[in-house]
Amino acid sequence: MKRIIFIALYISASFTVAAQWAIKANTLYTVSGSAINNAVVLINKGKIEKVGKAEMISIPEGYRVVEAKVVTPGLIDARTVIGMSGVLNIAVDQDQLEKSNPIQPELRAIDAYNPDELLVKTARQYGITTIHTGHGIGALVSGQTMIAKTKPGTVETVTMVPLSMLAMTIGPSVGSNFTSPGTKAKQMAMIRTELVKAEAFLKKQSDKDSTKRPGTDLRMDVLCQLLKGEIKALITANTAVDIMNAIRLAREFKLKLVIDGAAEAYRLIDEIKSADAEIILHATMARNGGEMVNMTRESAALLTTAGIRVSIESGYESYVPKTRIVLYEAAIAVAFGLPFDEGLKAITLNPAKLLGIDKRVGSIEEGKDADLVLYDGDPFEYLTHVCKVFIDGELVSDMCE
């Protein structure tokens, strides 16, 4: 019995030692503050224990030391469908869009998310430690989204927020997937009809007579959460017409609005600010075609200059390789006028604030999750490699990609 206890204690002690790291960086971008040269970050029990100048921090005995030229917070993909949409591009790994009905708010992302999907591993190797994923574009209401870490594990162990937003789409992609709606006016009428029903359902739920209150309705329950502001409306809209439709809808039903895609958002800066809408900008290297024909690679710079907080997403690509890497998309935004620091924020602290998880991730601060990315050069330089990735204090990738 004593031998068993000794072995158990040894294993526990070994794990504790392995979970303690000291990371030395020539340059460390905290994102929440100024960059620190000759910096040290201590990691203990999955959290950032200390961060600062090397001469101010003593590395405790037993901490494993690694070095890097540059260190940033773990990157956050503000909107993706990886884990739902797989790398094989065949029916068995395509769960991001259910086409049996154009309005299905009851569909849960956690029921379809696959943390073992190769695209999740690929994203992790390129420094993406947190993703906002879920049902995709192409339906009026495609389903729910979730927030997860990209570390290996089960759905339960990687999920941060099981229900984050309700994914909706306004635009031509809906008409290509369903017989109805076929026009913009029909799209808006169908969404408004469901929200009006939800308002009536919500009113009945508060009836003083408990016998008159409706029972559980998965569809209505989620729409009621939307109306109460408990979750945000994530509306994919790219043209100015569709963006304005999203803004009018949000005003009518007092929704917390997040505009996804937003190709022509630069044309509606005053309207977006007036609506207090948040922006998740589609991948900056998207093709100028279809509803994105008027997109510009200067969008992130233009919106940021106007005082609109921007998050950059990988979005969804129907063709192989099926996803983009937000590190490169942010680099393009920087090349087209977005300041360097704002470029980092667009894939770290900005999406963390948008998703309501900035107390845990998005910047390098004491007490936050130890999600860190180590590089061998400037993060936005094409020839730079992501060499090590930590998630919750665990070394989950150790290669220069």
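None of the figures in this text is laboratory data; all of them are computed from the coordinates on show. Values in this document were obtained by computation on a predicted structure and should not be read as measured data. Every residue, glycine among them, receives a Cβ derived from its backbone with ideal geometry; neighbour counts consider all protein chains shown.
Grab the DSSP H runs of the chain that are 4 residues or longer, score each as -39,500 (n - 2.57), total them, divide by all residues and round the 222 nm result to the nearest 500 deg cm²/dmol.
-8500 deg cm²/dmol
When a/c is below 1.5 the answer is rounded, else prolate if a/b is larger than b/c, else oblate, so apply that to segment 55-188 with a ≥ b ≥ c taken from the square roots of the Cα gyration tensor eigenvalues.
Because a/c hits 1.5 or more and a/b exceeds b/c, segment 55-188 counts as prolate.
So for the chain: antiparallel DSSP bridges make up what percent, rounded to the nearest 5?
Of all bridge pairs located within the chain, approximately 55 percent are antiparallel.
Taking other Cβ within 10 Å of each residue's Cβ, how do Thr296, Thr236 sort, fewest first?
Placing the least packed residue first, the sequence is Thr296, Thr236.
Which order, highest average first, do 203-213, 162-172 follow once you tally other Cβ atoms within 10 Å for each residue and take the mean per peptide?
Descending packing order for the listed peptides: 162-172, 203-213.
Report which label in (1) 21.6, 67; (2) 22.3, 74; (3) 25.3, 80 holds the value of Rg and Dmax of the Cα atoms in Å derived from the coordinates of this structure.
Here Rg and Dmax of the Cα atoms in Å agrees with entry (2).
Under 17 Å between alpha carbons, and skipping anything fewer than 8 positions from Lys47 in its own chain: which aspartates and glutamates qualify?
Of all the aspartates and glutamates, those that pass the test against Lys47 - Cα under 17 Å, at least 8 places apart if same chain - are Asp358, Glu365, Glu366, Asp369, Asp371, Asp392, Glu394.
When you count, for each residue, the other Cβ atoms within 10 Å and take the mean per peptide, how do 306-315, 258-267, 84-93 rank with the highest first?
258-267, 306-315, 84-93
Only Lys, Arg, Asp and Glu count, each charged at its Cβ (+1, +1, -1, -1), so figure out the dipole size of the chain about its Cα centre, rounded to 20 debye.
Magnitude of the dipole: close to 900 debye.
How far is helix 2-18 tilted, in degrees, relative to the longest principal axis of the Cα atoms in the chain, given as a value from 0 to 90 rounded to the nearest 10?
Long axis of 2-18 versus the principal axis of the chain: about 70 degrees.
Filter the cross-link list Lys204/Lys273; Lys184/Lys345; Lys24/Lys368; Lys232/Lys388; Lys99/Lys184; Lys149/Lys197 down to pairs whose alpha-carbon distance in this structure exceeds 24 Å.
Listed pairs above 24 Å: Lys204/Lys273; Lys184/Lys345; Lys232/Lys388; Lys149/Lys197.
Does a label point 7 Å from the Cα of Thr179, set along Cα-to-beta-carbon, have any residues of segment 101-119 with amide nitrogen under 19 Å, and which are they?
101-104
Skipping prolines and chain starts, which residues have an amide H placed within reach, meaning under 5 Å, of the one on Asn101, given they are 5 or more residues away or on another chain?
Distant-sequence amide H within range of Asn101: zero hits.
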